[in-house]
Amino acid sequence: MTDELAKAQAELEAARKAQLEAEARLAELQTAAERAEADTPPSPVDDIVPEEVPPVAESFEEAPVSAPTPADPEQPVEPGEPVDEADLSGPLEPEAVAAIRAGYAFDGAALQMGALVNGEADAETQVRIPLSMVNRHGLVAGATGTGKTKTLQVLAEQLSAAGVPVFAADIKGDLSGIATPGESDDKLLARTAGIGQPWEGAAAPVEYFALGGVGHGVPIRATVLDFGPTLLAKVLGLNDTQESSLGIVFAYADEQQLPLVDLKDLRELLLWLTSDEGKAELQRLGGISSQTAGVILREITAFSAQGAGVFFGEPDIDTREFLRTAPDGRGIVSLLEVPGVADQPALFSTFLMWLLADLFEDLPEVGDVDKPKLVFFFDEAHLLFKDASKDFLAAIVQTVRLIRSKGVGIFFVTQTPKDVPDDVLAQLGSRVQHQLRAHTPDAEKALRATVRTYPKSEYDLEEVLTSLGIGEAIVTVMNEKGAPTPVAWTRLRAPQGSMDPTPEAEIQRAVQASALLPKYGQAVDRESAYEMLQAKMQASQRAEQDEQASAAAEEEAERLEAEAKRNRAGRSSGGSAAGGGNVITDFLGSRSGQAMIRDVVRGIFGNRRR
């Protein structure tokens, strides 16, 4: 916007203010005149009896014309008593309003957030986010029930309409209403008219996903190998030492070409390394004690017992599925249903981080673009950073910092900015802060910390942030030149989709009709580390059994040979003592002699075979 236009708008605002002041002055004069007329005594009439005429004062004191009039005509005060004028304006002077209007007037395409609030909504001052700057990331924060989810829905709808795919986790299930056209009522239309929003119900194209197929949606799975040791350690709650040991185990699996597809593969590998057969390998790896390996094994066993095994496996999702657009050019909104795993918050938050990391690896560099390739909404973001290791936090910071150049924008959704680490918060260009509550000392401290993260403004932000209405927020974004826009108290737009969840039957129909279901619907269990190690252990057991059988056979042969020797020695000793070594006696005691004797006997009795 040119300086001349800004100056003209400022002059227009000044003229409007002067008009309002003149109208207020005129109302004061009219009210004073009416009050003076009411205080003037009536003139005596001829038909009144002189005795009944009340005494009349000889002079009257008029109310000062300059005296202020009451703010509420139904609560008058005595003439001449000063009262405060009604405060119909907001906290901002016309110059500040003009600066905000100019600060959000962008040349390119933009997402419409809502209208400035200065006492009342100013439909002429629209607050927007440049579409080209959405990949500079953002934060949507606020206390529970202040409208964060609806803000997310408003942004997702407009991004989809602009041809930008969206991925979001549906924590409570109410974001699914984006797939159903909204219904209007008088209250909604009055609100949208007041902020200059031409509202009509509209649905966005939606694809439903579910972690491991738990819930309604196309199953999202990942292999243990793709998930990696750092993210898995976060899910398992391992400490730094155990995390590094898990990394060594992954390296061993890669070296031995043992595919880690699901949790039973990793569990079998740890069982192998801690068994008698694998102890030598465990010692060769170094840096891993049997106790540490045992702890990791127990955590994986407990994790599997909670049903987490369904989230790992094949076919693993191709994250490029989230970059699709509908035939009409609108971006597809990919909703990840989370209620089915709400009792495992660390799992789904870490899975979202894996999706981002996978996108970062797969997508090419695009630099600055007119609109993002994908916008990723990270709801309940505090769960991601809770109890995170240094390596995990470093991975998040690096991903957030660099994924912008891949054309991906990330919006973290949480309660207060302090839920997000400073290194991550510094990367977020857009800020939408809903109401904060300061009912406890910790909440007051969080409020002050939040205020310090905003640019200087004419607002008393500590007061404003605690008095925002539902659907209102303090907004500042990054303009097209990369500079922060003025802080603006904003009444946000209403979603065009339904504010209620889409019926479950409609969600199920959409999932069954999805083109992705045949590709990802059925789990595949191919040969992997589990089967390979099982075969190895069985072969080892068979070899051990064969070795034991061979040793037993050799031992038995030696025993029989020793016994035969003892028998021959005994017979030799007995024969020598009886016959004194006679040759005939020795012959008759031999096998040949015994055979000859049998033949003679058979001949005598006539039973010898002829």
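The values are calculated or read from the model by the stated rules, or taken from the named source; none is laboratory data. Predicted model only: the values in this text are computed from it and were never measured. Counting neighbours? That spans all protein chains shown, and the Cβs are built from the backbone with ideal geometry, glycine included. Each accessible area value is taken on the protein alone, full model and side chains, heavy atoms only, with ligands, DNA and RNA left out. Shrake-Rupley method; radii C 1.70, N 1.55, O 1.52, S 1.80 Å.
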- Scanning region 190-204 for residues that are hydrophobic (A, V, I, L, M, F, W, C) and assigned to a loop (DSSP other than H, G, I, E, B), the one surrounded by the fewest Cβ atoms within 10 Å (Cβ to Cβ) turns out to be Ala202
- Within region 358-394, which residues are in a loop (DSSP other than H, G, I, E, B), under 18 Å from Gly138 (Cα atoms), open to solvent by less than 40 Å² (accessible area, probe 1.4 Å) and in contact with a strand residue (DSSP E or B) (Cβ under 9 Å, 6 or more places away or on another chain)? Pro372, Ala381
- What tally of residues in region 467-506 results from selecting those that are closer than 19 Å to Thr144 by Cα, in contact with a Gly (Cβ under 6 Å, 6 or more places away or on another chain) and of a type in the set (Gly, Ala, Ser)? 1
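Residue-by-condition table, conditions (1) open to solvent by 90 Å² or more (accessible area, probe 1.4 Å); (2) in contact with a Pro (Cβ under 8 Å, 6 or more places away or on another chain):
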| site | (1), (2) |
| --- | --- |
| Ala494 | no, no |
| Thr502 | no, no |
| Val511 | no, no |
| Leu517 | no, no |
| Gly521 | no, yes |
| Asp525 | yes, no |
| Tyr530 | no, no |
| Leu533 | no, no |
- Query: Looking at region 209-229, which of its residues are open to solvent by 20 Å² or more (accessible area, probe 1.4 Å) and either modelled with pLDDT under 90 or more than 16 Å from Leu297 (Cα to Cα) (or both)?
  - Reply: Gly213, Val214, Gly215, His216, Leu225, Asp226
- In the list Ser540, Ser550, Ser514, which residue meets the criterion of being in a helix (DSSP H, G or I), of a type in the set (Ser, Thr, Tyr) and touching a residue at least 12 places away in the same chain (Cβ under 8 Å)? Ser540
- Could you list all residues from region 100-120 that are under 16 Å from Ile474 (Cα atoms), of a type in the set (Gly, Ala, Ser) and under 33 Å from the mean Cα position of the chain (by Cα)? Gly103, Gly114, Ala115
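Could you look through region 325-357, keep only residues that are β-branched (Val, Ile, Thr) and not in a loop (DSSP other than H, G, I, E, B), and pick out the one that is modelled with the lowest pLDDT? Reasoning before the result, please.
Start the filter on region 325-357 by keeping residues that are β-branched (Val, Ile, Thr), which leaves 325, 332-333, 338, 341, 350.
Keeping just the survivors that are not in a loop (DSSP other than H, G, I, E, B) gives 325, 333, 341, 350.
On the way: Thr325: 96, Val333: 97, Val341: 59, Thr350: 82.
Out of the qualifying residues, it is Val341.
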- Task: Scan region 304-315 and give yes if some residue there is outside any helix (DSSP H, G or I), open to solvent by 30 Å² or more (accessible area, probe 1.4 Å) and on the phi > 0 side of the Ramachandran plot, otherwise no.
- Result: yes
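Is it true that some residue in region 557-566 is closer than 30 Å to Asp276 by Cβ, at pLDDT 80 or above, open to solvent by 90 Å² or more (accessible area, probe 1.4 Å) and basic (Lys, Arg)?
Scanning region 557-566, I find no residue that is closer than 30 Å to Asp276 by Cβ, at pLDDT 80 or above, open to solvent by 90 Å² or more (accessible area, probe 1.4 Å) and basic (Lys, Arg), so the answer is no.
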- Give the residues of region 257-286 that are part of a loop (DSSP other than H, G, I, E, B), modelled with pLDDT of 90 or more and open to solvent by 70 Å² or more (accessible area, probe 1.4 Å), sorted by residue number. Gln257
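I'm trying to understand the selection: among the residues of region 340-357, which are open to solvent by 20 Å² or more (accessible area, probe 1.4 Å) and touching a strand residue (DSSP E or B) at 6+ places or on another chain (Cβ under 8 Å)?
Taking region 340-357 as the starting set, the residues that turn out to be open to solvent by 20 Å² or more (accessible area, probe 1.4 Å) are 340, 342-346, 357.
Within region 340-357, just Gly340 meets the criteria.
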- Message: I'd like the full set of residues that are basic (Lys, Arg) and outside any helix (DSSP H, G or I), limited to region 517-532.
- Response: Arg526
- Note on the structure: Listed by first then second residue, the pairs whose first member lies in region 167-183 and is on the phi < 0 side of the Ramachandran plot, whose partner is in a helix (DSSP H, G or I) and aromatic (Phe, Trp, Tyr), with beta carbons under 8 Å and at least 6 positions apart or on separate chains, are Phe167/Phe322; Ala169/Phe348
- Subset of region 316-327 (residues that are of a type in the set (D, E, K, R) and open to solvent by less than 50 Å² (accessible area, probe 1.4 Å)): Asp318, Glu321
- Task: Would you check if there is a residue in region 411-419 being in contact with a helix residue (DSSP H, G or I) (Cβ under 8 Å, 6 or more places away or on another chain), modelled with pLDDT of 95 or more and surrounded by 20 or more Cβ atoms within 10 Å (Cβ to Cβ)?
- Result: yes
- Query: Taking region 155-168, which residues are aliphatic (A, V, I, L, M) and surrounded by fewer than 24 Cβ atoms within 10 Å (Cβ to Cβ)?
  - Reply: Ala161, Ala162
- Item | Entirely in region 103-154, the strands (runs of 3 or more DSSP E) that have 3 or more residues that are open to solvent by 30 Å² or more (accessible area, probe 1.4 Å) and either of a type in the set (Gly, Ala, Ser) or in contact (Cβ under 8 Å) with a residue 24 or more places away in the chain (or both) | 120-130
- Task: Looking at (1) modelled with pLDDT of 90 or more; (2) outside any loop (DSSP other than H, G, I, E, B); (3) surrounded by 20 or more Cβ atoms within 10 Å (Cβ to Cβ), find the lone condition where Ser405 falls short.
- Result: (3)
